[in-house]
Amino acid sequence: MQGCQTTTRTRVSTNKASQPSIVSAKYISITAKANYRIKSNDYKCDIKIRIERDNLIWFSIIYGWGIELVRGRFTPAGIELINHVDKSYQVYDYVSLQAHWHIPCSHSLIQAALLGELHGLEKESTISHLGNQIILQQHQNFWECLATLHKHTKQLASLSVLDSSLQHKWHVSYEYKKGCQQDLLFCNLKAYFKDFKLFLQYKDISFSRHPLSFPFNIPRQYDKR
């Protein structure tokens, strides 16, 4: 992550007021196609995502002819999963998730990655030799967030997160195309984690000031794990 900062260092005012949220709506609904690889195995699925900003991220993973495999929701406390494959209901906190996947994990990090946004924290900024702006954020829990903004558009080009104490990390890059709904910054997302890779293509995006539904009914016969 530090290798990106081999350029002239400058101090730039990057407070929250000068970096407004690109997506101002409180509620965001997304449909996407996903391709991901775990070890040497490749998978495809459709994903529905609904977000209540800073509170709840709901998702449904659908395979084939509309068969839901997993339904889940991220809250500030952790993640809940309804797994239809093994008929179970699972609950994890973010410490457990990071230990399992070896990646820095929190509700705010997941939201930032999905919306292509930065945290509203103090930032130190540098300018690369290509003219792109590089923003480094230091977090109290040993996390370092490194973001790159395009020189002209100021759109988020990439976001990397490192847990300096455990050396857990992940990297996300963003692609832009004409004809996409640019209010959400990007069309495609490529994420690289230790044990898997993910390509996410946003197909439809809508914004609302009014509450969305986040259905999460746990079947009685499912085991809790």
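The values are calculated or read from the model by the stated rules, or taken from the named source; none is laboratory data. Owing to the predicted nature of the structure, the values given are computational and were not obtained by experimental measurement. Positions of Cβ are generated from backbone atoms using ideal geometry, with glycine treated the same way; all protein chains shown enter the neighbour counts. The protein model used for the area step is the full one, side chains on, heavy atoms only, and it has no ligands, DNA or RNA in it. Shrake-Rupley method; radii C 1.70, N 1.55, O 1.52, S 1.80 Å.
At R0 = 45 Å, how high is the FRET efficiency between Arg220 and Lys177 if r is their beta carbon distance? Nearest 0.05 is fine. Please report the intermediate quantities before stating the final value.
Details: r = 45 Å, r/R0 = 1.00.
Between Arg220 and Lys177 the formula returns 0.50.
How much accessible surface area, in Å² rounded to 10, belongs to the heavy atoms of Ser40 with a 1.4 Å probe?
90 Å²
For Lys33, list the aspartates and glutamates whose Cα falls under 13 Å from its own Cα; do not include residues on the same chain fewer than 8 positions away.
Asp46, Asp204
What accessible area per residue, rounded to a whole number of Å², is obtained for region 27-206 using a probe radius of 1.4 Å?
Working: 9130 Å² over 180 residues.
Value for region 27-206: 51 Å² per residue.
Using DSSP to define loop residues, name the trypsin sites (Lys or Arg not before Pro) in region 34-89 whose beta-carbon has at most 15 other beta-carbon atoms within 10 Å.
Numbers: sites: Arg37, Lys39, Lys44, Lys48, Arg50, Arg53, Arg71, Arg73, Lys87; in loops: Lys39, Arg53, Lys87.
Passing both the DSSP loop test and the Cβ count: Lys39, Lys87.
Calculate the FRET efficiency for Ser29 and Thr75 from the Cβ-Cβ distance with a Förster distance of 22 Å, rounded to the nearest 0.05.
Working: r = 18 Å, r/R0 = 0.82.
About 0.75, to the nearest 0.05.
With a point put 7 Å past each Cα toward its Cβ, work out how far Lys194 is from Asn55 in nm, to one decimal.
Modelled inter-label distance: 3.4 nm.
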